[in-house]
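Engineer: Questions regarding the structure given below will be posed in turn.
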Amino acid sequence: MLKIGFVDYYLDNWHCNYYPGFLREAIRRRMLDMAVTHAYGMITSPDGVTSEEWCSTHDVICCGSMEELIGSVDAICVIAADDARFHDYVCEKPLQSGKPVFVDKTFAYDLAGAKRFFAMAEEYGTPVFSASAQRYCQDILDYKKAHPERPLFVSTVGPHSLDRYAVHQLEVIEALLGPGIRRLKAFAAGEDVTQLILDYGDGRWASFMQTPQPWAEFNFMVTQTGCGTEGARLKSDDRNFYANLADVILDFFRTKKVPVPHEETLEVVKVIETARVARNHPDLWYEL
């Protein structure tokens, strides 16, 4: 049986609370010889929930150290999804383990960190990938299957902050348009609302709008060819994307084949890092 472990700075958070269930449901549905068995949290959660309490609630073995967890499992989920800066503390030993590691969004806070993580994984022969669940919306998967050629334009809208949630929109852009963004600029100043145009330099473009308002649900618009021709509105449906991502993670753990190119993950981090500056200096192009 392939054993899966969860590690986080602290375990009591939304992704750690739900992702074991998503994986278990996918394991049950596909009748795989796999299980979520162990977990390790570096500290007690800010709400006071200890690692021991969390592990008891989620029916896993509580490990006393990162080394114990790594030695007990065959594959590792690194979470710390709400603040990628915690990955500096959580990722190092898993990426040195040689065992397949899924790192939850956002992979790293900045490009230097992302490059360091990938270099470490390569040095120790550790397969690793990171992805947003939005990449696996059923509408997006269906659209890509029906349109194997790249579209010309993708427009995305979504909620919350640049550092926490921009990855969800950018992963969709990468999934549909692919990597190769050459430059970007912002259209409005400030840190609350972020409006970007992304230029690939070869006829591909993307627009990105993010607002902290919770009612700004994810929406994705695609233009396949020239002006006045085919377009589509793609839906974000959480009944599908978590199950789809769980399947991708489990397949990765079984095969060790990385499903998301590192080039795309690096570009997502690079766009976020550049946008932090660009949104305070609107109408200026910033090279990537």
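Residues are listed down the side, and each one gets a yes or a no for (1) farther than 17 Å from residue 15 by Cα; (2) part of a helix (DSSP H, G or I):
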site: 99; (1), (2): yes, no
site: 102; (1), (2): no, no
site: 112; (1), (2): yes, yes
site: 120; (1), (2): yes, yes
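To keep it simple, each residue is scored yes or no on (1) surrounded by fewer than 15 Cβ atoms within 10 Å (Cβ to Cβ); (2) among the small types (Gly, Ala, Ser); (3) free of Cβ contacts under 8 Å to residues at least 60 places away in the same chain.
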position	(1), (2), (3)
27	no, no, no
36	no, no, yes
48	yes, yes, yes
61	no, no, yes
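Engineer: Another question, then. Among the listed residues 47, 59, which satisfies the condition of being in a loop (DSSP other than H, G, I, E, B), modelled with pLDDT of 95 or more and out of contact with any Ser or Thr (no Cβ under 8 Å at 6 or more places or on another chain)?
Structural biologist: Checking each option against the conditions leaves just 59.
Engineer: Would you check which residues across segment 164-221 are acidic (Asp, Glu) and within 19 Å of the chain's Cα centre (by Cα) and list them? Steps first, answer last, please.
Structural biologist: As a first pass, look at segment 164-221 and keep what is acidic (Asp, Glu): 171, 174, 191-192, 199, 202, 217.
Once the filter is applied, which keeps residues that are acidic (Asp, Glu) and within 19 Å of the chain's Cα centre (by Cα), segment 164-221 yields 171, 174, 217.
Engineer: Also, quick follow-up: Could you list all residues from segment 1-25 that are of a type in the set (Phe, Trp, Tyr) and either assigned to a helix (DSSP H, G or I) or crowded, with 22+ Cβ neighbours inside 10 Å (or both)?
Structural biologist: Taking segment 1-25 as the starting set, the residues that turn out to be of a type in the set (Phe, Trp, Tyr) are 6, 9-10, 14, 18-19, 22.
Correct list: 6, 14, 18, 19, 22.
Engineer: Could you count how many residues in segment 163-196 are closer than 16 Å to residue 276 by Cβ and of a type outside the set (S, T, N, Q)? Walk me through how you get there before you give the answer.
Structural biologist: Step one: filter segment 163-196 for residues closer than 16 Å to residue 276 by Cβ, giving 163-167, 169-170, 181, 183-196.
Narrowing further to those that are of a type outside the set (S, T, N, Q): 163-167, 170, 181, 183-193, 196.
Residues flagged as closer than 16 Å to residue 276 by Cβ and of a type outside the set (S, T, N, Q) within segment 163-196 amount to 19.
Engineer: Further question on the same structure: Please pick out the residue among 52, 92 that is farther than 21 Å from residue 129 by Cα and modelled with pLDDT of 95 or more.
Structural biologist: 52 is the lone residue from the list that is farther than 21 Å from residue 129 by Cα and modelled with pLDDT of 95 or more.
Engineer: Of the residues 97, 72, only one is at pLDDT 95 or above and out of contact with any Cys (no Cβ under 9 Å at 6 or more places or on another chain); which?
Structural biologist: Values: 72 fails: out of contact with any Cys (no Cβ under 9 Å at 6 or more places or on another chain).
Every option except 97 fails the conditions.
Engineer: Further question: Taking the options 72, 132, 161, name whichever one is surrounded by fewer than 17 Cβ atoms within 10 Å (Cβ to Cβ), within 17 Å of the chain's Cα centre (by Cα) and of a type in the set (Gly, Ala, Ser). Talk me through it step by step, then tell me what you get.
Structural biologist: Values: 72 fails: within 17 Å of the chain's Cα centre (by Cα); 132 fails: surrounded by fewer than 17 Cβ atoms within 10 Å (Cβ to Cβ).
Testing whether each residue is surrounded by fewer than 17 Cβ atoms within 10 Å (Cβ to Cβ), within 17 Å of the chain's Cα centre (by Cα) and of a type in the set (Gly, Ala, Ser) leaves just 161.
Engineer: Do we find that residue 114 is at pLDDT 95 or above and either among the polar types (S, T, N, Q) or within 20 Å of the chain's Cα centre (by Cα) (or both) in this structure? First the steps, then the outcome.
Structural biologist: Numbers: at pLDDT 95 or above: yes; either among the polar types (S, T, N, Q) or within 20 Å of the chain's Cα centre (by Cα) (or both): yes.
For residue 114, the condition - at pLDDT 95 or above and either among the polar types (S, T, N, Q) or within 20 Å of the chain's Cα centre (by Cα) (or both) - is met.
The values are calculated or read from the model by the stated rules, or taken from the named source; none is laboratory data. All values derive from a computational prediction rather than experimental measurement. Because the Cβ atoms are built from the backbone with ideal geometry, glycine has one as well, and the counts that use them run over all protein chains shown.
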